[in-house]
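To keep things clear, I will list the structure first and then write my remarks on it.
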Amino acid sequence: MPPYQLIQLGNFISIGSVAIQAWELVAHLTDEVEYLWGGKLNFVKVLYFFSRYVFLAAQIVNHVLSFGLETKLRNAGANCGIIFAYKTTVAHASLAMLEIVLYIRVYALYRHNRRVKYFLAIVYMFTASLKIAANVLLIQVQMQMNGCDHQRTSTGLIITFWSGVIIYQFVILALSLYKLVYDGRLSRTPLTALMLREGVVVFILLMATKALFAVLLIFELQSSFIIGRAIFSYYFAAISVAASSLILNMRKLTVKAALYPPRSQNISAEEVGRLYNTDQSICLTSFYE
């Protein structure tokens with residue numbers, strides 16, 4: 001087991017992930033109230049509030065388990081499998097939610113193209129099945145482990161999970177880049193520029209964090225449980241921030257684009273209220289420049 005000071009340092013670094021999520025929530029609360037709190041509750045709003053608030057609560061639970069229960073179980077030589085299973089489950093749920101947000105954004109980018117819709121649905125279901133299968137098998141291993149020391153993860157499980165992640169993200173990136181090239185020949189709008197920029201950032205973020213996880217799982221580096229705890233905390237925070245920001249930024253852009261059209265057309269007060277409170281503009285597919 002690593003020295004006590006190293007454990008404390010790892011815990012301190014991990015706590016920063018909660019601070020990032022809390023700060024990001026406060027920093028964007030005004031925009032959230034203005035652009036999301038009005039109108040009826042719908043699927044995309046549920047995605048947003050889960051990404052913002054439920055994942056923040058899940059992060060807090062993660063730290064309570066890691067710093068409280070896991071430490072006690074580790075010291076007592078008991079099984080920590082339930083804690084690791086919880087982390088695996090919430091990590092999968094957060095990634096799945098982010099991928100749904102990316103699905104909706106690309107579908108919006110292609111202006112309700114049905115072929116894109118069904119193609120993405122097929123890719124999503126196929127890649128999700130790979131990740132679910134890998135995580136189910138991983139949870140079974142975690143529940144059967146002895147003590148609290150991480151067991152070496154099967155390379156096959158890592159490859160299966162990674163295949164699902166990479167295939168889906170590359171499809172999202174490829175469709176976005178194709179739109180970039182296509183719109184570059186015509187006229188790129190603020191909407192497409194925003195989606196393409198944020199899509200590339202999310203792709204790089206996911207690939208970097210997943211690569212770090214793979215290194216830890218395959219090689220079982222010394223003190224990897226401390227390093228892994230910190231990486232998981234920041235990965236989870238990044239997923240939460242990315243998913244909620246993707247939705248909020250799209251909402252802001254679509255409403256502003258409708259309120260301030262290129263030709264400076266006048267818009268009535270009634271129409272302004274409808275834009276802020278409508279159930280449809282949050283679906284990311286209603287307004288285009």
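General observations
- SER233 meets all of the listed conditions (1) of a type in the set (Gly, Ala, Ser); (2) modelled with pLDDT of 70 or more; (3) over 19 Å from the mean Cα position of the chain (by Cα) but one, namely (3).
- Where a residue in segment 8-19 is under 12 Å from PHE67 (Cβ atoms) and modelled with pLDDT of 70 or more and its partner, wherever it lies, is in a helix (DSSP H, G or I) and not hydrophobic (A, V, I, L, M, F, W, C), with Cβ under 6 Å and at least six apart: SER14/ARG229; SER14/SER233; VAL18/GLN59
- Test: residue in segment 162-177 that is within 29 Å of ILE82 (Cβ to Cβ), β-branched (Val, Ile, Thr) and either surrounded by 15 or more Cβ atoms within 10 Å (Cβ to Cβ) or at pLDDT below 90 (or both): yes
- Per-region count, segment 39-59, residues surrounded by fewer than 15 Cβ atoms within 10 Å (Cβ to Cβ) and modelled with pLDDT under 90: 5
- Filtered residue count, segment 113-147, keeping only those that are of a type in the set (D, E, K, R) and either assigned to a loop (DSSP other than H, G, I, E, B) or touching a helix residue (DSSP H, G or I) at 6+ places or on another chain (Cβ under 6 Å) (or both): 2
- Of all residues in segment 123-134, those that are surrounded by fewer than 17 Cβ atoms within 10 Å (Cβ to Cβ) have Cβ atoms under 8 Å from Cβ atoms of residues that are among the polar types (S, T, N, Q), 6 or more apart or on another chain, in ALA133/THR160.
- Hey, GLU32 closer than 23 Å to PHE232 by Cα, assigned to a helix (DSSP H, G or I) and acidic (Asp, Glu) or not: no
- Residue in segment 211-224 that is modelled with the lowest pLDDT, counting only those that are part of a helix (DSSP H, G or I) and in contact with a Leu (Cβ under 9 Å, 6 or more places away or on another chain): SER224
- Extreme residue, nearest to VAL171 (Cα to Cα), among residues of segment 101-119 that are out of contact with any Phe, Trp or Tyr (no Cβ under 8 Å at 6 or more places or on another chain) and of a type in the set (Val, Ile, Thr): VAL106
- Filtered by the rule that a residue be modelled with pLDDT of 90 or more and of a type in the set (Lys, Arg), segment 115-161 gives ARG115, LYS117, LYS131.
The values are calculated or read from the model by the stated rules, or taken from the named source; none is laboratory data. Note that this is a predicted model, so its numbers are computed, not measured. Neighbour counts are summed over all protein chains in view; Cβ atoms, including those assigned to glycine, are modelled from backbone coordinates with ideal geometry.
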